[in-house]
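**Student:** Handing you this structure, nothing more for now.
The values are calculated or read from the model by the stated rules, or taken from the named source; none is laboratory data. Please read these numbers as outputs of a predicted model, since none were measured by experiment. Every residue, glycine among them, receives a Cβ derived from its backbone with ideal geometry; neighbour counts consider all protein chains shown. With ligands, DNA and RNA removed, areas are computed over all heavy atoms of the protein, side chains included. Shrake-Rupley method; radii C 1.70, N 1.55, O 1.52, S 1.80 Å.
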Amino acid sequence: MSGAASPVTAVRASAYTVPTDAPEGDGTFAWDSTTIVVVHAEAAGETGIGYTYGPKALIGVVSELLEPAVRGTDAFSVRASAEAMARALRNAGQSGAASYAASAVDCALWDLAARLAGLPLHQFLGAARAEVPVYGSGGFTTYSYERLTEQLVGWVLGQSIPRAKIKIGQDRGTDETRDIERMLIAREAVGPDAELFVDANGAYSAKQAIRVAQAAREAAFTWFEEPVSSEDLAGLRFVRKSVAADVAAGEYLTRAADVERMCAAGAVDCLQADVTRCGGITGWLRAAAVADAHGIDFSGHCAPAITAAPAAAAPRLRHLEWFHDHVRLEQMLFEGTLDPQGGTITPDAERPGNGLELRTADAERYRVA
């Protein structure tokens with residue numbers, strides 16, 4: 001279809017809770033199921049799809065606040081719709097969970113616009129690369145050493161992904177001995193050539209993070225994600241100046257002003273953003289532009305199926321997280337997921353939009369709202 005105005009006629013949301021394949025946990029949280037909130041946006045006979053990971057209560061935010069704000073707007077004017085959603089959320093709060101809901105709608109609207117234009121989404125956004133590097137991510141603190149090794153070997157040897165990440169910060173940082181032991185086991189599993197990443201999910205204090213990094217130096221990890229809380233910019237900067245590994249954070253940021261503060265504080269070597277949290281593709285590209293302006297690399301957090309296209313369009317992209325929990329769920333519920341063999345994924349150049357379709361019959365058994 002041409003770029004003629006096409007008003008958005010409906011925005012619908014539904015939620016699905018999928019049990020994990022085993023108990024999962026990190027340094028500060030544990031879970032045994034994951035809920036995805038899926039949004040469909042309609043215009044001129046086409047339907048765009050977006051989603052976020054969060055509670056089913058987000059459906060109410062979509063139906064009560066966001067759908068009325070974007071219904072009737074031109075499907076090609078996605079940035080205008082993003083501003084309309086921000087205004088609609090003024091009193092409810094524009095960050096946190098409300099931003100997750102807006103992200104799902106924004107992703108659906110960009111997908112809808114690309115489908116109406118008859119273009120793959122990464123081309124519609126203006127692709128900067130054909131392939132998106134990924135890193136294997138999981139290594140949960142709940143895993144046995146055997147399960148940890150099996151997962152890492154599967155990524156590095158089975159799928160030839162040359163970088164992999166594990167969770168540390170056991171029990172809110174109270175078991176450093178186990179953390180260090182797991183890092184050394186992980187290094188042995190991935191071999192000497194693959195990059196090893198670790199993620200403390202904010203479990204440590206700044207000096208504790210430095211002590212752990214020094215004690216585990218034989219693990220030779222090159223990525224230290226959230227060694228302290230992402231709220232602690234001074235602590236992140238202190239750790240960054242004290243360890244050899246690159247420090248990364250940003251997955252919880254939902255506003256461009258917060259992205260600017262983190263970058264300006266010199267808190268990270270690589271900024272993370274989550275397209276299902278940061279305001280969707282509109283917010284993702286803003287975050288990438290801020291990082292670029294500060295000369296900081298950019299990395300995608302989780303939700304790889306819906307992040308592939310915007311990741312292909314982001315400046316200074318380092319890689320995208322191939323997160324076990326989300327990969328498994330997305331492969332169960334969607335047609336059009338991608339293959340990371342060789343360490344990269346390639347957005348589909350043949351299918352319009354993001355290439356995803358909800359497997360409605362398969363998803364129905366998990367529907368919670």
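**Student:** Hey, what did the chain get for relative contact order, percent, Cα under 8 Å, at least 6 apart?
**Tutor:** So the answer I get is 20 percent.
**Student:** Still on this structure, please answer the following. Between THR337, VAL247, LEU233, whose Cα lies farthest towards the positive end of the dipole of region 229-369 when Lys and Arg beta carbons carry +1 and Asp and Glu beta carbons carry -1, centred on the Cα centre?
**Tutor:** So the residue we want is LEU233.
**Student:** Now, a different point. Take SER205, project a point 7 Å from its Cα along the Cβ direction, then tell me which residues of region 222-256 have their backbone nitrogen under 14 Å from it.
**Tutor:** Hits in region 222-256 for SER205 at 14 Å: 228-229, 235.
**Student:** How large is the accessible surface per residue of the chain, computed with a 1.4 Å probe and reported in Å² as a whole number?
**Tutor:** Computed with neighbouring chains in place, this is 38 Å² per residue.
**Student:** Points 7 angstrom from Cα along the Cβ direction at PHE29 and GLU218: gap in nanometres?
**Tutor:** Distance between the two pseudo-spin positions: 3.4 nm.
**Student:** Equivalent-ellipsoid semi-axes (√(5λ), Cα gyration tensor) for region 1-100, whole Å, largest first?
**Tutor:** 30, 17, 11
**Student:** On to the next question. If you count the DSSP beta bridges with both ends in the chain, what percent of them are antiparallel, to the nearest 5?
**Tutor:** Taking every DSSP beta bridge within the chain, about 50 percent pair in antiparallel fashion.
**Student:** Just going by the charge dipole of the chain, with Lys and Arg at +1 and Asp and Glu at -1 on Cβ, which of VAL190, LEU317, ALA219 is farthest out on the positive end?
**Tutor:** LEU317
**Student:** With no solvent and one equal point scatterer placed on each C-alpha of the chain, evaluate the Debye formula and give log10 I(q)/I(0) for q = 0.10 Å⁻¹, two decimals.
**Tutor:** Relative scattering, expressed as log10 I(q)/I(0), comes to -0.59.
**Student:** Label GLU131 and LEU119 with points 7 Å out from Cα along Cα→Cβ: what is the distance between them in nm?
**Tutor:** 2.4 nm
**Student:** Per residue, how much space in cubic angstrom lies within the convex hull of the C-alpha atoms of region 292-367?
**Tutor:** In region 292-367, the Cα hull volume divided by residue count equals 110 Å³.
**Student:** Roughly speaking, to the nearest percent, how much of region 231-324's 1.4 Å accessible area is carbon and sulfur?
**Tutor:** 48 percent
**Student:** How much of the accessible area of region 20-112, in percent, comes from carbon and sulfur atoms when a 1.4 Å probe is used?
**Tutor:** Looking at region 20-112 in its full context, I get 52 percent from C and S.
**Student:** Further question: Rounded to the nearest 500 deg cm²/dmol, what is the calculated helix-only ellipticity per residue at 222 nm for the chain, with -39500 (n - 2.57) per DSSP H run of length n ≥ 4?
**Tutor:** After summing the helix terms and dividing by residue count, I get -11000 deg cm²/dmol.
**Student:** Further question on the same structure: Would you mind counting up the charge near LEU184? Only other residues with Cβ under 13 Å from its Cβ, with Lys and Arg at +1 and Asp and Glu at -1.
**Tutor:** With Lys, Arg at +1 and Asp, Glu at -1, the neighbours total -1.
**Student:** 7 Å from Cα along Cα→Cβ at both GLU350 and ALA57: what's the point-to-point distance in nm?
**Tutor:** About 4.4 nm separates the two model spin labels.
**Student:** Please work out how much length the chain gains when fully extended from SER144 to GLU335, using 0.36 nm per residue of separation minus the C-alpha to C-alpha distance, in nm with one decimal.
**Tutor:** Net length gain for the segment: 65.6 nm.
**Student:** May I pose another question? May I ask you to derive the FRET efficiency for ARG172 and ALA293 from their Cβ-Cβ distance with R0 = 35 Å, giving the value to the nearest 0.05?
**Tutor:** Efficiency, from the Cβ-Cβ distance: 0.50.
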